[in-house]
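Colleague: Just passing along the structure, written as structure tokens.
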């Protein structure tokens, strides 16, 4: 369904854009330069820049899980048992997809850059490498890492639903 695909694409783009906007304005160094991104991530997270990236990605993923599980995959007593089972499996898939993509985003940050690990240079080089895949910088990397759980929740949850339907 093209309309559903377009709506999903807009939601994923919105999650990434929202994360970038939050990072650019949350820290003590404003903007999307390397120091601005690191400062913004540290301000967003409860324990530094790594926690900031996890908070943005996990929050976006949680939002997707809540929307999908309470609308498209919601349970209703009027549905037959096969449909209810397919929706239950789909709901579980949204949670697994969002969680795996959040963890995968942090792992990608730590390994993708020229400096491995989750130190300041490791984080910014990892985000820059991820952002380069989308034609951008570290700020684009933030957007990709934040949007991935939204996409994964939808893909896995709706994919499993369709498979078991």
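The values are calculated or read from the model by the stated rules, or taken from the named source; none is laboratory data. Only a predicted model underlies this, so the values are computations on that prediction, with no experimental measurement involved. Because the Cβ atoms are built from the backbone with ideal geometry, glycine has one as well, and the counts that use them run over all protein chains shown.
Colleague: Of all residues being in a helix (DSSP H, G or I) and free of Cβ contacts under 8 Å to residues at least 12 places away in the same chain in segment 68-91, which is farthest from residue 126 (Cα to Cα)? Just the residue, please. Before the answer, list the steps.
Modeller: Of all residues in segment 68-91, those in a helix (DSSP H, G or I) come to 68-70, 81-91.
Imposing the further condition that a residue be free of Cβ contacts under 8 Å to residues at least 12 places away in the same chain reduces the set to 70, 81, 84.
Numbers: 70: 34, 81: 46, 84: 41 Å.
Per the stated criteria, the residue is 81.
Colleague: What is the number of the single condition among (1) without any contact (Cβ under 8 Å) to a residue 12 or more places away in the chain; (2) surrounded by 18 or more Cβ atoms within 10 Å (Cβ to Cβ) that residue 146 does not meet?
Modeller: Here residue 146 clears every test but (1).
Let's see how each residue does on (1) more than 22 Å from residue 97 (Cβ to Cβ); (2) at pLDDT 95 or above; (3) under 17 Å from the mean Cα position of the chain (by Cα):
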| residue | (1), (2), (3) |
| --- | --- |
| 113 | yes, no, no |
| 122 | yes, yes, no |
| 126 | no, yes, yes |
| 133 | no, no, yes |
| 137 | yes, no, no |
| 141 | no, no, yes |
| 144 | no, no, yes |
| 147 | no, no, yes |
| 152 | no, yes, yes |
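Colleague: If you check 59, 97, 105, which single one turns out to be modelled with pLDDT under 95, surrounded by 15 or more Cβ atoms within 10 Å (Cβ to Cβ), under 14 Å from the mean Cα position of the chain (by Cα) and closer than 15 Å to residue 148 by Cα?
Modeller: Values: 97 fails: modelled with pLDDT under 95; 105 fails: modelled with pLDDT under 95.
59 is the lone residue from the list that is modelled with pLDDT under 95, surrounded by 15 or more Cβ atoms within 10 Å (Cβ to Cβ), under 14 Å from the mean Cα position of the chain (by Cα) and closer than 15 Å to residue 148 by Cα.
Colleague: Then there is this: Looking at this structure, is residue 130 touching a residue at least 40 places away in the same chain (Cβ under 8 Å) and either part of a helix (DSSP H, G or I) or closer than 16 Å to residue 52 by Cβ (or both)? Don't jump to the end; show me each part of the working.
Modeller: Values: touching a residue at least 40 places away in the same chain (Cβ under 8 Å): no; either part of a helix (DSSP H, G or I) or closer than 16 Å to residue 52 by Cβ (or both): yes.
Taking the combined requirement at face value, the residue does not satisfy it.
This table checks each residue for (1) closer than 20 Å to residue 149 by Cβ; (2) buried (at least 17 other Cβ atoms within 10 Å of the Cβ).
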{"site": "77", "(1), (2)": "no, no"}
{"site": "87", "(1), (2)": "no, yes"}
{"site": "91", "(1), (2)": "yes, yes"}
{"site": "128", "(1), (2)": "no, yes"}
{"site": "133", "(1), (2)": "yes, no"}
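Colleague: Condition check: closer than 13 Å to residue 61 by Cα and either in contact (Cβ under 8 Å) with a residue 24 or more places away in the chain or not in a helix (DSSP H, G or I) (or both). Does residue 97 satisfy that? Talk me through it step by step, then tell me what you get.
Modeller: Working: closer than 13 Å to residue 61 by Cα: yes; either in contact (Cβ under 8 Å) with a residue 24 or more places away in the chain or not in a helix (DSSP H, G or I) (or both): yes.
Here the answer is yes, as residue 97 does meet what is asked.
Colleague: Mind listing whichever residues of segment 21-46 are assigned to a helix (DSSP H, G or I) and surrounded by fewer than 21 Cβ atoms within 10 Å (Cβ to Cβ)? Walk me through how you get there before you give the answer.
Modeller: If we filter segment 21-46 for residues that are assigned to a helix (DSSP H, G or I), which is where we start, we get 21-26, 34-44.
If the condition is that a residue be assigned to a helix (DSSP H, G or I) and surrounded by fewer than 21 Cβ atoms within 10 Å (Cβ to Cβ), then 21, 22, 24, 25, 26, 34, 35, 36, 43 are the ones that fit.
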